[in-house]
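Since the structure comes first, as structure tokens, the remarks are kept for the end.
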Amino acid sequence: MRGLFFTFEGPEGSGKSTHVKLLYEYLEKKNFDVIKVREPGDTRVGEKIRRIILNPEYKEISPLTETLLYMASRNQLVEEVILPYLNKGYIVLCDRFLDSTIVYQGFALKVELDLIKKIANFVCKGITPDLTIVLDLPIKEGLHRVGKKPDRIEKRNLAFHRRVREGYFKLSRLYPHRIKIIPVEEKISVTQNKIRELILEKICLLNK
Ligand code: TMP
């Protein structure tokens, strides 16, 4: 594996996809070979899975089924897109990855962490992020940004979303070198500049 793998995480409404897009355009302008993907989805099969997992009509999905669906979408993305591009030396920007499952299904939904880790060993093919940026903001603010049509996960209660946010703090304490928390500022450019600074620093470090 020759490329670099950067993941972006955070509770609902943190603006990850906007920031990943801005970062992607910035790196492309700087002539880096870069692609961006998001989870769940971004493959033909993954998009079908996304439509099932996020559909509020499927109230009956069990925590383990939910975990396995996210993992299935992830494996398809890893095998079909992420690994091939990393092997070609690309920078891969990924909007959510395994940390989302650890936090949402593990910490917040109480699926056994050992089980998640065991499944992940098969699913992720040994890929771990070179850097993970968690965009953090207060839960109520984030849910307010989500708007009027929340999906199946966004619909969960405040206690669930609080466990998600706390989960990211916990993970960042466990892996302080890999996971960096950036508070979401009112101005997009301020947050974006902080992200760029961290990413460029990591690219320089890893290319030495
Ligand atoms: P998105 O809103 O960032 O597109 O992510 C989709 C939703 O899926 C979001 O509510 C977080 C949730 N999610 C999990 O619960 N577990 C996972 O493993 C992933 C990738 C996402």
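The values are calculated or read from the model by the stated rules, or taken from the named source; none is laboratory data. Here the structure is a predicted model, which means the values were calculated and not measured. Positions of Cβ are backbone-derived with ideal geometry, glycine not excepted, and every protein chain shown enters the neighbour counts. For accessibility, only protein heavy atoms count, side chains too; no ligands or nucleic acids. Shrake-Rupley method; radii C 1.70, N 1.55, O 1.52, S 1.80 Å.
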**Above-threshold pairs, the threshold being 28 Å between Cα atoms, out of Lys110/Lys149; Lys48/Lys118; Lys88/Lys202; Lys149/Lys180; Lys149/Lys187** = Lys149/Lys180
**Request:** Can you tell me which of 182-190, 134-142 comes out highest on packing, and rank the rest after it, using the mean Cβ neighbours within 10 Å?
**Result:** 134-142, 182-190
**Message:** At 1.4 Å probe radius, can you tell me the per residue accessible area of segment 13-150 in Å²?
**Reply:** 51 Å²
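Among 145-155, 64-74, how do they line up by average Cβ neighbours within 10 Å per residue, starting with the highest? Spell out each step's value before the answer.
Working: 145-155: 12.8, 64-74: 19.8.
The peptides rank, most packed first, as 64-74, 145-155.
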**Complete:** For the chain, the percent of accessible surface on carbon and sulfur atoms (probe 1.4 angstrom, ligands and nucleic acids excluded) is 52 percent
**Request:** Would you mind pulling out the separation of the Cα centroids of segment 155-174 and segment 33-57, in Å?
**Result:** 22 Å
**Request:** Return the aspartates and glutamates within reach of Lys140: Cα separation strictly under 12 angstrom, same-chain partners fewer than 8 residues apart disregarded; answer none if there are no such residues.
**Result:** Glu12, Glu154
**Those aspartates and glutamates that a straight Cα-Cα span of less than 14 Å connects to Lys170, excepting residues fewer than 8 apart in one chain** = Glu9, Asp99, Asp136
**Asked** What is the local net charge at Asn87, summed over the other residues whose Cβ is closer than 14 Å to its Cβ (Lys, Arg +1; Asp, Glu -1)?
**Response** 0
**Message:** In whole Å, what are the extents of the chain along the principal axes defined by its C-alpha atoms, from largest to smallest?
**Reply:** 48, 38, 31
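Compute the relative contact order of segment 4-206 as a whole-number percentage, counting only Cα pairs closer than 8 Å that sit 6 or more residues apart in sequence. Mind showing how you got there, number by number?
On the way: 284 pairs, mean separation 65.8, N = 203.
Contact order relative to length: 32 percent.
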**Fill in**
Residue-ordered couplings for segment 96-104, obtained by feeding phi - 60° into the Karplus form 6.51 cos²θ - 1.76 cosθ + 1.60 and rounding to whole Hz (Gly and Pro as x), are 6, 7, 3, 4, 4, 5, 4, 7, 6
